[in-house]
Each structure stands twice: as structure tokens, then as C-alpha cells.
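S.K.: Take a look at this one; I'll ask things after.
The values are calculated or read from the model by the stated rules, or taken from the named source; none is laboratory data. The model shown is predicted, which means the values in this text are computed figures rather than measured ones. All Cβ positions, even for glycine, are placed from backbone atoms using ideal geometry, and neighbour counts span all protein chains on display.
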């Protein structure tokens with residue numbers, strides 16, 4: 001984005017940009033002008049006490065209420081569309097107020113200087129566009145000259161002399177307005193260029209992070225599959241666990257996720273793949289123990305139990321390089337806590353109830369169920385009915401009661417025998 005050509009669309013964007021940057025400043029400027037405009041009542045009192053009543057009406061009955069009304073209207077939705085018109089109005093009204101005071105006083109007076117203050121506010125404070133500044137200034141000069149010639153006894157030379165100074169000041173103000181308007185346009189272009197480059201850079205960074213995270217996910221998944229391949233009895237265990245965890249997670253009500261400070265949709269996008277990581281730590285367990293055809297000794301079982309922490313620690317090393325990757329975060333939770341039990345009798349930490357992460361509570365049920373319907377060295381596969389009965393027996397001690405009931409309801413109603421009994425390989429959403 002090297003340059004911007006200002007067509008109608010770009011002009012609208014510039015106008016929006018200018019308005020959003022200026023409106024707060026303009027409100028402050030109008031309030032400041034109201035205070036200053038009202039403050040000159042002190043001069044009214046000392047210099048022209050005979051006109052104090054009329055001047056009070058002009059200041060506090062007409063001009064200042066109009067200023068404050070402008071500020072209030074600036075918060076309305078329609079104001080943006082008419083902001084320049086309304087700003088021109090109060091600029092013109094303030095000038096008319098001063099002109100009225102000039103000619104109400106007999107003879108030359110101090111209030112000729114007041115018109116310079118109005119012009120200054122119009123050119124440099126209230127952010128009128130250049131063309132609006134010129135139009136309003138010209139109208140005020142026209143009113144000043146017309147009223148002076150028609151309704152006052154001032155000498156023509158005095159009126160023209162003051163007019164000359166006002167016009168000279170107006171030229172300075174117009175040049176200033178022109179400079180500010182062009183500066184604002186230049187600033188807009190610079191910011192658009194900056195944000196354009198920033199957005200491009202952010203896109204590159206996001207793509208790089210996605211690439212890193214995807215690479216990590218593939219690597220981790222490969223390790224998980226490698227760990228599974230070393231266990232000759234698990235078959236397609238990971239695939240089934242992943243698919244069942246997703247199905248169960250979809251059935252869990254939204255309020256359960258809210259209670260666990262989890263966004264359901266983000267969770268659903270990652271749980272299938274993350275659940276595959278639950279036994280990734282088994283990569284460190286020896287084949288002699290992992291594939292032992294008979295029941296494990298207590299010492300061997302203690303070794304197997306270490307896979308939870310080993311898997312979690314392995315995934316933590318990936319997490320350092322995977323920014324905001326919920327897949328790995330869930331994988332760590334699942335790997336570490338999927339053997340914890342609802343009553344606190346599980347391992348490796350012995351936590352209980354809702355202290356166990358929701359992801360691990362889900363995987364715990366599915367992992368046990370899949371083990372029940374699968375062949376193991378120490379058992380034949382159980383029927384779906386018997387497996388579900390064992391899950392039901394474990395409610396409240398082994399399993400989260402609510403999640404287990406949802407799973408049982410899902411399993412009993414499902415016609416997908418490939419997942420719930422006969423093992424046909426499901427398609428993973430990888």
C-alpha cells in the first residue's frame with residue numbers, strides 16, 4: 001500500500017478517520033470556549049455596566065446554551081452526519097454575538113478584539129474543514145461590515161480599518177486550516193500504510209505460528225501412534241477414543257463448559273486429537289512390561305503408572321514452542337490426569353471430583369469403556385451391555401456422575417457398532 005488515491009470512498013474513510021480523532025478534542029474545545037465566553041462577563045460588568053443585562057442575555061441566554069447543546073448533541077447518532085453544519089452554526093453564532101456587542105456599545109471599544117478570539121476558535125480549535133472555515137469567516141466579515149455601515153454611526157474608515165485586520169487574520173487562519181487539513185490527510189495515509197504493513201506482518205507471524213503448531217501437532221500425533229504401535233493389544237484404540245471423546249463432548253451441555261471456564265466450540269475443535277495423547281507416555285515403558293501376556297506385578301504396574309507424568313512432561317516441552325495451542329494444553333491435562341478417579345483414589349496426584357480437568361474426566365470414561373470392549377492379555381473383550389454396566393457401577397467413585405450418565409445415554413442410543421462394539425476403523429478429524 002504505497003499510496004492512496006482519494007476517490008469518493010477514500011474521502012469517506014478520511015472523513016470517518018478525522019471525525020473519530022477530532023470529536024473528543026472538539027467537545028473539550030467548545031466547553032473551553034463556553035467558559036471563556038462566559039468569563040468575559042467580568043469585563044462587561046466593569047467596562048459596560050449599562051449593557052450588562054443585554055450582554056448577559058447574549059452570553060448566557062443564547063450563545064453558551066447553544067455551545068453546550070452542541071456538546072450534548074455530539075453524542076447522538078445523527079451528529080456525525082451533520083457535525084460540520086452544526087459546528088459552522090455555533091461558530092457563526094459566537095461571531096454574531098460578539099458583533100452585536102461591538103455595535104451595542106457607542107463608539108470604538110474593546111470588543112473589536114473579541115472577534116479575533118472567535119476567528120481563532122474557528123480556524124484552530126473546532127476543526128472546521130477549510131471550505132467551511134472560509135465560508136463562515138466570510139459571512140461574519142460580511143455581517144460585520146453590513147451592520148457597521150447600515151446600523152452604526154462609526155466612520156467608514158474605522159470599519160474598514162478593522163475589517164482589513166480581520167481579513168489579514170483570516171488569510172493567516174485559512175493558511176493554517178489548509179495546513180491542518182493536509183497534515184491530517186498525510187497522517188491518515190501514514191497510518192493506513194503503517195497498519196497495512198502491520199497487518200501483513202501479523203499475517204506472516206500468524207501463518208508462521210500455524211505452521212509451527214501444525215508441525216508440533218503432527219510430531220506429537222506421530223509419537224502417540226508410535227507409542228500405540230508398541231502395544232500389540234490396543235489395536236485401533238487411539239482412533240476410537242478420539243472419535244468417542246468428540247461425540248461425548250458434543251453432548252455435554254454448554255453450562256458444564258461455562259462452569260469449567262471453557263469455550264465449548266474451541267474445546268470441540270481440539271478434543272478428538274488431544275485425547276489421542278492420553279497414553280503418549282507409554283513410549284518410555286519397556287516392551288517386556290507393555291506387552292506382557294500375563295497380569296502385571298505390583299512393581300510393574302507402578303512402572304506403567306509413570307506414563308501419565310512422562311507424557312505430560314513430554315508435551316510440556318512442546319508447549320513452550322506452541323503459542324496458545326489448546327490442542328497441546330488439553331493433551332497435557334489428559335495425559336496427566338486421565339487415570340484420576342472421581343473419589344480421589346486414582347493416580348498420579350490423587351485429586352478428586354471437579355478438581356480433575358473436564359478433558360481428563362471425559363477421556364477417563366471413554367478410555368475405560370474402550371478397554372472393556374477390547375481384548376487384553378488378562379481378559380477377553382466384554383459385550384457392549386456388560387461394558388456399559390461396569391461404567392454404570394463406577395459412577396460416583398471412578399467416574400464423574402454427570403458425564404458418565406451422558407456417555408451411557410449416548411452409547412445406549414447409538415447405532416454405531418463400529419465404535420461401540422465391532423471395531424471398524426473410524427475416520428479421525430486430523
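S.K.: Yes or no: residue 280 more than 37 Å from the chain's Cα centre (by Cα), in the same structural domain as residue 260 (by TED's automatic domain parsing) and either buried (at least 18 other Cβ atoms within 10 Å of the Cβ) or at pLDDT 85 or above (or both)? Break it down into steps so the answer makes sense when it comes.
M.R.: Working: more than 37 Å from the chain's Cα centre (by Cα): no; in the same structural domain as residue 260 (by TED's automatic domain parsing): yes; either buried (at least 18 other Cβ atoms within 10 Å of the Cβ) or at pLDDT 85 or above (or both): yes.
No.
S.K.: Further question: Only residues that are part of a loop (DSSP other than H, G, I, E, B) and under 20 Å from residue 244 (Cβ atoms): list them for the stretch 347-364, please.
M.R.: Taking the stretch 347-364 first, the residues part of a loop (DSSP other than H, G, I, E, B) are 347-352, 356-357.
Within the stretch 347-364, 356, 357 qualify.
S.K.: Right, something else. If you take the residues of the stretch 315-343 that are modelled with pLDDT of 85 or more, touching a helix residue (DSSP H, G or I) at 6+ places or on another chain (Cβ under 7 Å) and not in a helix (DSSP H, G or I), which of them is nearest to residue 273 (Cα to Cα)?
M.R.: The qualifying residue nearest to residue 273 (Cα to Cα) is 338.
S.K.: Could you tell me which numbered condition residue 58 fails, if it satisfies all but one of (1) under 15 Å from residue 170 (Cβ atoms); (2) crowded, with 16+ Cβ neighbours inside 10 Å?
M.R.: For residue 58, the failing item is (1).
S.K.: Taking the stretch 115-132 as the search range and keeping residues that are surrounded by fewer than 20 Cβ atoms within 10 Å (Cβ to Cβ) and more than 20 Å from residue 70 (Cα to Cα), which one is modelled with the lowest pLDDT?
M.R.: Applying the first criterion (surrounded by fewer than 20 Cβ atoms within 10 Å (Cβ to Cβ)) to the stretch 115-132 yields 116-117, 120, 124-125, 129-132.
Within this subset, residues satisfying the condition of being more than 20 Å from residue 70 (Cα to Cα) are 116, 130-131.
Working: 116: 91, 130: 84, 131: 88.
The selected residue is 130.
S.K.: In addition: Using the structure shown, decide if residue 409 is farther than 19 Å from residue 243 by Cβ and either at pLDDT below 95 or touching a strand residue (DSSP E or B) at 6+ places or on another chain (Cβ under 6 Å) (or both). Show your work before the answer.
M.R.: On the way: farther than 19 Å from residue 243 by Cβ: no; either at pLDDT below 95 or touching a strand residue (DSSP E or B) at 6+ places or on another chain (Cβ under 6 Å) (or both): yes.
Considered against the rule, which asks whether it is farther than 19 Å from residue 243 by Cβ and either at pLDDT below 95 or touching a strand residue (DSSP E or B) at 6+ places or on another chain (Cβ under 6 Å) (or both), residue 409 comes out as no.
S.K.: So which residues in the stretch 228-261 are at pLDDT below 55 and buried (at least 21 other Cβ atoms within 10 Å of the Cβ)? Steps first, please.
M.R.: Taking the stretch 228-261 and keeping what is at pLDDT below 55, we get 229-235.
Scanning the stretch 228-261 gives a single hit, 234.
S.K.: Which pairs turn up if I take residues in the stretch 330-350 that are in contact (Cβ under 8 Å) with a residue 24 or more places away in the chain and on the phi > 0 side of the Ramachandran plot and look for partners that are crowded, with 22+ Cβ neighbours inside 10 Å and assigned to a loop (DSSP other than H, G, I, E, B) with beta carbon separation below 6 Å, at least 6 apart in sequence or on another chain?
M.R.: Nothing qualifies.
S.K.: Something else now. For the stretch 1-32, what are the residues that are farther than 19 Å from residue 129 by Cα and modelled with pLDDT of 70 or more?
M.R.: Start the filter on the stretch 1-32 by keeping residues that are farther than 19 Å from residue 129 by Cα, which leaves 1-5, 31-32.
Matches in the stretch 1-32: 31, 32.
S.K.: OK, next. Modelled with pLDDT under 90, more than 22 Å from residue 328 (Cβ to Cβ), crowded, with 20+ Cβ neighbours inside 10 Å and in the same structural domain as residue 341 (by TED's automatic domain parsing): is that true of residue 296 in this structure? Let's see the steps before the verdict.
M.R.: Numbers: modelled with pLDDT under 90: yes; more than 22 Å from residue 328 (Cβ to Cβ): yes; crowded, with 20+ Cβ neighbours inside 10 Å: no; in the same structural domain as residue 341 (by TED's automatic domain parsing): yes.
Spelling it out, it is not the case that residue 296 is modelled with pLDDT under 90, more than 22 Å from residue 328 (Cβ to Cβ), crowded, with 20+ Cβ neighbours inside 10 Å and in the same structural domain as residue 341 (by TED's automatic domain parsing).
S.K.: List every residue pair whose Cβ atoms lie under 8 Å apart, where the two residues are 6 or more positions apart in sequence or sit on different chains, the first residue falls within the stretch 80-108 and is touching a residue at least 60 places away in the same chain (Cβ under 8 Å), and the second residue, located anywhere, is surrounded by fewer than 18 Cβ atoms within 10 Å (Cβ to Cβ) and not in a helix (DSSP H, G or I).
M.R.: Pairs that qualify, where the first residue is touching a residue at least 60 places away in the same chain (Cβ under 8 Å) and the partner is surrounded by fewer than 18 Cβ atoms within 10 Å (Cβ to Cβ) and not in a helix (DSSP H, G or I), are 83/74.
S.K.: Considering only the stretch 283-293, state which residues are loosely packed, with under 11 Cβ neighbours inside 10 Å and touching a residue at least 40 places away in the same chain (Cβ under 8 Å). Spell out how you get there, then give the answer.
M.R.: Filtering the stretch 283-293 down to residues loosely packed, with under 11 Cβ neighbours inside 10 Å leaves 287-288, 293.
Across the stretch 283-293, the qualifying residues are 287, 293.
S.K.: Right, here's the next one. Name the single residue that is surrounded by the fewest Cβ atoms within 10 Å (Cβ to Cβ) among those in the stretch 133-158 being within 59 Å of the chain's Cα centre (by Cα) and farther than 17 Å from residue 119 by Cα. Can you show your working first?
M.R.: To start, the set of residues in the stretch 133-158 that are within 59 Å of the chain's Cα centre (by Cα) comprises 133-148.
Now narrow it down to the ones that are farther than 17 Å from residue 119 by Cα: 146-148.
Details: 146: 12, 147: 17, 148: 21.
Of everything passing the filter in the stretch 133-158, 146 is surrounded by the fewest Cβ atoms within 10 Å (Cβ to Cβ).
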